[in-house]
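Worksheet: the structure to be examined is printed underneath.
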Amino acid sequence: MPTLGVGLLFSVPGSDLTGRTSVKTLRLYILKELTAPVVLSTLFFTLVLLLAQLLQLASTLLKAGVSGSLLGQLVLIVTGTLMTFTVPMGVLLGTLIAVGRLTGENEVLAMRVGGISVLRAFTPVVVAAFLLSCAHIAANNSVVPNLFSQVREITYQMQFHVLTNLKPGRVYDELGTKGTALALTYGEQGEPSATPPQPDAPARLDMNDVSLRMRVRESEVLPTDGTAPAARSGDFEFLIFSESGAITGDPATAELTLDLEDGTWMPLPHSSTESPNSTTTVIRFEHLRNRIGSKRIERAAGKSPREMTIGELRAWMQSPPDVPVWKDDRHGRRIDNRWQRYFSARNVLISRFSLPLATLTFCLIAIPLAMEIRPQAKAFSALIAIGLLIVYYLLMTAGNTVGASGAGWITTIGAHMLPNIAIGTVGLVMFLRVSRH
């Protein structure tokens, strides 16, 4: 029934639908009708992605015994980071639902009969989407990077808590660093220090009867006090048994250190040509220190590109690596690691501008698309939205691939902007087409 909104304008005696007041009322009505579906759609997508993020952290959350306040803080911060993705998605689905309902109930038809064009009536909606895009870009300058830093810090705290509260009698095989794989187990927890720990003191776990197996990859050298044998070519493994030891975690330096006392070091055969029955050197040591960690903590040790402001990323772009982009090694010809990090940061910088424009892009295509196919059913609207999101995601992934491959700035920017240009152009053409009806 088209009497809820636009129809009311016809029922007012002496009302002029083409008048300025009536047009303003109509625009406010349309904005009001779109607000609730867009907000609810954004909350829906945010909840789905939030649950996916929490599932990834579920193991850490359970092991760390996170308090309710810390968990609530983590949820709020992660939700803030997800809004950069879910707001464009919510605008797309919410606009499809709302405009589809207006079209299905002949509200748009009544508006046209009254002499108001689609372009004139929906201009405030497009302007609102543009302002949301601008706000998103502004937030990407420092607010969003700060949220990612806070997520890192909280995850950091949980990881350090887990790795300095390992239980006896279990094997922990995720304590290696880059180039080193390590599996550790111990018999019982050692006596805590008689001195009460200071609030800012590093976390510490004392252990007795420590056993570990370590594999050092090619070109890696284990830092010790000099009692360890020099690294040989190729990977090599060894067993270490110690009467006592301790794991110390210092969040300020992002380091975990394993200190062992009074133990033995037994190298293992490191190649298929070495006989298992060959003579094995057993080394006795009084003290052995080595850095350990986890993949999550290693990645968090330095400030990642997504935690940098736009100004910091631009400064990085002004100082490219002074080495050749491509290098040849035993893996073949590939991009140098320093250039890989540079290109990755460049992708992040460009996406700070390209991704926010998705809000405007989705608005431009959702309005005419909903009028053409009248997706009144929420399920049908969701299918259309998912299809458009998949197309946008594939084009966005292609843009990241182009940027990571070492393409020039213009090519990379064009590849990143392609989803907005392609979908936005189609939407604009459709918008102008339905405006002429």
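What follows draws every value from the coordinates through simple rules; no lab data is involved. Note that the structure is predicted; figures quoted are calculated from it, not measured. Here the Cβ is made from the backbone with ideal geometry for all residues, glycine too, and neighbour counts use every protein chain on show.
With a point put 7 Å past each Cα toward its Cβ, work out how far residue 425 is from residue 120 in nm, to one decimal.
Placing both labels 7 Å along Cα→Cβ, they lie 3.1 nm apart.
Once phi is turned into θ = phi - 60°, what whole-Hz ³J(HN,Hα) does the Karplus curve with 6.51, -1.76 and 1.60 give for every residue of the stretch 307-314, x standing for Gly and Pro?
8, 8, 6, 4, x, 5, 5, 5
Just to be sure I understand the model, the point goes 7 Å from the Cα along the line to the Cβ. What's the resulting residue 287 to residue 174 distance in nm?
If labels sit at residue 287 and residue 174, their model points lie 3.2 nm apart.
Apply 1/(1 + (r/R0)^6) to the Cβ-Cβ distance of residue 337 and residue 39, taking R0 = 35 Å, and write down the FRET efficiency to the nearest 0.05.
Calculated transfer efficiency: 0.20.
Going by average Cβ neighbours within 10 Å, how do the peptides 154-163, 168-177, 319-328 rank, with the highest at the top?
Averaged packing, sorted descending, gives the order 154-163, 168-177, 319-328.
Calculate the FRET efficiency for residue 32 and residue 390 from the Cβ-Cβ distance with a Förster distance of 30 Å, rounded to the nearest 0.05.
0.50
Label points 7 Å out from Cα along the Cβ direction at residue 181 and residue 106: separation in nm?
With each label point 7 Å from Cα toward Cβ, the separation is 7.1 nm.
When the chain is fully extended, how far beyond the present Cα-Cα distance does residue 143 get from residue 130, taking 0.36 nm per residue of separation?
2.8 nm
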